[in-house]
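The values are calculated or read from the model by the stated rules, or taken from the named source; none is laboratory data. Because the structure is predicted, anything quoted here is derived from the model rather than measured. Because the Cβ atoms are built from the backbone with ideal geometry, glycine has one as well, and the counts that use them run over all protein chains shown.
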Amino acid sequence: MTVQLDPSLGLPVVYLVDDEEPVRDALSWLLRTRRLLSEPFASADQFETFLASQSRPWPSSPSCLLLDVRMPGTSGLALFVRLLAQPGLVSEMPVIFLTGHGDVPTAVNAVKNGAFDFFEKPFADNALVDRIEQALVASAEALLRRRDSQRFSRQQSDLTERERDVMELVAQGRANKVIADLLHISVRTVEVHRARVFEKMGVKSAVELANLLKQMTV
């Protein structure tokens, strides 16, 4: 793989959903040439069964879905609509559509609705894999945001009610004396709470704390 991902996220995986076995085999081989793991599925229904069997939150490693638009049974587009209904999933597992010539308008519309990209068959191998790698980078970034959000929630849950009050005022840039007056406590008590907030939230300054709160509430 030519791009470097955070190793703590695990090995990236590309999911292939196409009803044509030769296409799946060719894509699997192509991905192996770039040292990328892949998992093939012969239908959208088969992939949904797999998805339902996974523990949440999922995915747990950088992922990308190569999805044929037109297949017997559930179409790729119908599957995509159902994936969109699961909050955050398409961000953490970007979808790249594979289309025939007649499906290009459908694929373009899917991109407007959140798909990562589409490629018309026959496609240029290197261009497709380059775009897959970009999708895996986007997936990794989304997984890191999820991990940061989960850590932030745990950190906040460790705060007492008074520490939360102090944290909000510190993040606003209020001085210890002003915080003490607003909360009707001593300056020394504010200092103790402030130190505990910094320790629990993993920051070293009021500016760092304010930036963290701003980032997590966007």
> Within region 112-133, which residues are assigned to a helix (DSSP H, G or I), free of Cβ contacts under 8 Å to residues at least 60 places away in the same chain and under 20 Å from PHE80 (Cβ atoms)?
Replying inline: LYS112, ARG131
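Of a type outside the set (S, T, N, Q), modelled with pLDDT of 95 or more, closer than 30 Å to ARG34 by Cα and not in a loop (DSSP other than H, G, I, E, B), is that true of LEU144? So that I can check it myself, show each step before the final result.
Details: of a type outside the set (S, T, N, Q): yes; modelled with pLDDT of 95 or more: no; closer than 30 Å to ARG34 by Cα: yes; not in a loop (DSSP other than H, G, I, E, B): yes.
Judged against the criteria, LEU144 is not a match.
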> Name the pairs: first residue in region 58-80 and on the phi > 0 side of the Ramachandran plot, second residue hydroxyl-bearing (Ser, Thr, Tyr), Cβ to Cβ under 7 Å, at least 6 apart or on different chains?
Replying inline: GLY73/SER43
>> Just the residues that are under 19 Å from SER60 (Cβ atoms) and in contact with a Gly (Cβ under 9 Å, 6 or more places away or on another chain), please, taken from region 99-142.
In response: ALA142
> From the residues in region 160-218 that are crowded, with 16+ Cβ neighbours inside 10 Å and assigned to a loop (DSSP other than H, G, I, E, B), which one is nearest to the chain's Cα centre (by Cα)?
Replying inline: VAL203
>> Scan region 190-199 and tell me whether some residue there is touching a residue at least 40 places away in the same chain (Cβ under 8 Å) and within 18 Å of ASP148 (Cβ to Cβ).
In response: no
